[in-house]
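Structure, as structure tokens:
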2 protein chains.
Amino acid sequence: MDDYEIFEPGDCVLQSGATLPRVRLAYKTHGTLNADKSNAIVFPTHYGGRHQENEWLIGPGKALDPTAHFIIVPNMLGNGYSSSPSNTPPPYDRAAFPHVTIYDNVALQHRLVAEHFGITHLPLVLGFSMGAQQTYQWAVSYPGEVDRIIPICGSAKTSPHNWVFLEGVTAALRADAAWRDGWYDEQPVRGIRALARVWAGWGHSQAFYRELIHLKLGYASLEDFIVRAYEEDNLRFDANDLLAMAWTWQHADIGATPGFDGNFERALGSIKARALVMPCTTDLYFPPEDSAYEVQHIPGAELRPIHSIWGHTAGAGVDPADAAFIQQSVREWLAAPI
Amino acid sequence: MDDYEIFEPGDCVLQSGATLPRVRLAYKTHGTLNADKSNAIVFPTHYGGRHQENEWLIGPGKALDPTAHFIIVPNMLGNGYSSSPSNTPPPYDRAAFPHVTIYDNVALQHRLVAEHFGITHLPLVLGFSMGAQQTYQWAVSYPGEVDRIIPICGSAKTSPHNWVFLEGVTAALRADAAWRDGWYDEQPVRGIRALARVWAGWGHSQAFYRELIHLKLGYASLEDFIVRAYEEDNLRFDANDLLAMAWTWQHADIGATPGFDGNFERALGSIKARALVMPCTTDLYFPPEDSAYEVQHIPGAELRPIHSIWGHTAGAGVDPADAAFIQQSVREWLAAPI
């Protein structure tokens, strides 16, 4: 039995002008919405993640405590639970699935929050990686409704280098002729494995591998780590779904929010939420310099780097030390006055 | 007409035990060997490079001046000029081409130097990237014969992260079914393009792209840069040749030199040449931390980082500032007493 629910607002017009029919937003909630609807937290998912991957931060005694808060984890469009190439009927199925932006994701999440739950105010929005991108978007799209944000290992706008390396990741999948430009009947497994193999170089830092953390985690070798930590993880996903999420990522830019005319700095400056920005010092996707630039333009924001050799994955809470640091920071931020 | 010569020492037994038949070592020389054969410099090539790519550092008035020195540029095995999957006859053609190590490359270069030219002493060996790996190998294999080495943006042993990201690079090519496990008749162009697209994320740093250097260089867009700077470059090569060179790279380790029993630090400690080690501060392949570790173990070595946002490519001499810094350093090192 599925452990999540589906919000179905009908057809939705996307930022591109395309209509995504019969939209499904899969989400999971933890805890209970209080009477004045003032205790809700939104915690969107990341690339290659589903709501289950956010649960390390959620639970009694954890930073996001369902005994105090009502935590909503919306699944990103394209992740196979929410509307995705793999689950959308013709004529928008597979390769014809329209391009979806971070803005579209957040607009849809806002409908869930506002229309379905009747919530008008969020003490916190947070997320890791593409979840951080959605977090920034929440603060820009709905400035009066979000008190605090914590973007973890993510950016408000995908950097040129990030765009380039995602081209490499997706090109590896697309090199497999079995992908058939998206019109496959069977998964292009070789391409998905190649994509995963490219990820393996990016997801953890040079120092992570230098210190042989993969062996300390119990993997038998580098090859074993690539197969079990990266290939297995990506093989859970449909190929077009992986490509759809990558497109969303490559085009993330809060400056593209209506009203900002592409002005990224102005969009950052419009953020009213109290922002705790948590890059990892060794993240190869979202280097801390990019986060520092963003913090400079967000009124009152704090930059709090995660000092870790885990690279991007530091924000996923796998390493106990990184997880504890994030847990503690989220707790503190939630308790801070606005 | 070819602008290079071929040294043909016959069949060669490789480190693996396999015999590479009718070996070709393509090389180019600049300048004139003096009477006492004391002015020769060896400058091996890098991955995806041929002797032409080394010429930015060679010429009258440049750091490697043919009016004073006799500069030998040997082409790496697998690069399409020297013995490679693409030019070796059956039964060692294409996918059956044996695995070649950095050690094998240098052993062969040593035969060219010693047997063909009768040179027993080299004032300098230097190289960029895999050329740096060959440079380290020269110092370890022939400690009494090399006065100075300058490894630029390279390592004496391929790091675990470097191995992993090369897996991603090659997996992208291998994902193309047209590669046919190496037994293609026509180049797997889609796979080569995918490989190139993966390289694009690694070859230049995050900061290079952040500062939009690709636009300042005259490329119209990121896509234009990927196609013209990376795809075009890699499409010059045969697919199996690219994979052969990557295998050599992945297995680079001076500790595997006979006599060292895999002891990397002992191999570093055996280096007698005066070493100037030049990593780039933003190199994603060979981060300066790895070079610093190597320098600690090489008696009398100097670490001199190239402060540049060009990433790995800083060592290729494309950027005028980086090129000038390298030229100046090579000049100085060549003039230094031993």
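The values are calculated or read from the model by the stated rules, or taken from the named source; none is laboratory data. Given the structure is predicted, the values throughout are model-derived calculations rather than measurements. Cβ sites come from the backbone with ideal geometry, for glycine too, and all protein chains shown count toward neighbours.
Brief remarks follow.
- Screening B:Q250 on (1) within 22 Å of B:M76 (Cβ to Cβ); (2) in contact with a helix residue (DSSP H, G or I) (Cβ under 7 Å, 6 or more places away or on another chain); (3) buried (at least 20 other Cβ atoms within 10 Å of the Cβ) shows it passes everything except condition (3).
- Where a residue in the stretch B:208-232 is away from chain A (no Cβ under 11 Å) and surrounded by fewer than 18 Cβ atoms within 10 Å (Cβ to Cβ) and its partner, wherever it lies, is part of a helix (DSSP H, G or I) and of a type in the set (G, A, S), with Cβ under 8 Å and at least six apart: B:Y219/B:A229
- Residue check, A:D290 closer than 28 Å to A:G59 by Cα and in the same structural domain as A:G144 (by TED's automatic domain parsing): no
- Comparison of A:S129, A:S141 shows that the only residue that is in contact with a Cys (Cβ under 7 Å, 6 or more places away or on another chain) and either away from every other protein chain (no Cβ under 14 Å) or within 20 Å of A:F237 (Cα to Cα) (or both) is A:S129.
- Exactly one residue out of A:I71, A:I119 is farther than 22 Å from A:T248 by Cβ and free of Cβ contacts under 8 Å to residues at least 60 places away in the same chain: that is A:I71.
- Residue selection: A:H30 satisfies the criterion of being crowded, with 19+ Cβ neighbours inside 10 Å and over 30 Å from A:A200 (Cα atoms).
- Where a residue in the stretch A:169-191 is closer than 16 Å to A:Q250 by Cβ and within 8 Å of another protein chain (Cβ to nearest Cβ) and its partner, wherever it lies, is part of a loop (DSSP other than H, G, I, E, B) and not aliphatic (A, V, I, L, M), with Cβ under 9 Å and at least six apart: A:L173/A:P188; A:R174/A:P188
- All conditions in (1) at positive phi; (2) facing chain A (nearest Cβ under 7 Å) hold for B:C153, with the sole exception of (2).
- Test: residue in the stretch B:42-60 that is more than 12 Å from the chain's Cα centre (by Cα), among the aromatic types (F, W, Y), in the same structural domain as B:H312 (by TED's automatic domain parsing) and over 26 Å from B:R331 (Cβ atoms): no
- For the stretch B:192-206, taking the residues that are at the interface with another protein chain (Cβ under 7 Å from one of its Cβ atoms) and over 16 Å from B:L242 (Cα atoms), the one that is surrounded by the fewest Cβ atoms within 10 Å (Cβ to Cβ) is identified as B:Q206.
- Test set (1) among the polar types (S, T, N, Q); (2) part of a loop (DSSP other than H, G, I, E, B); (3) within 26 Å of A:V277 (Cβ to Cβ) - A:S83 fails condition number: (3)
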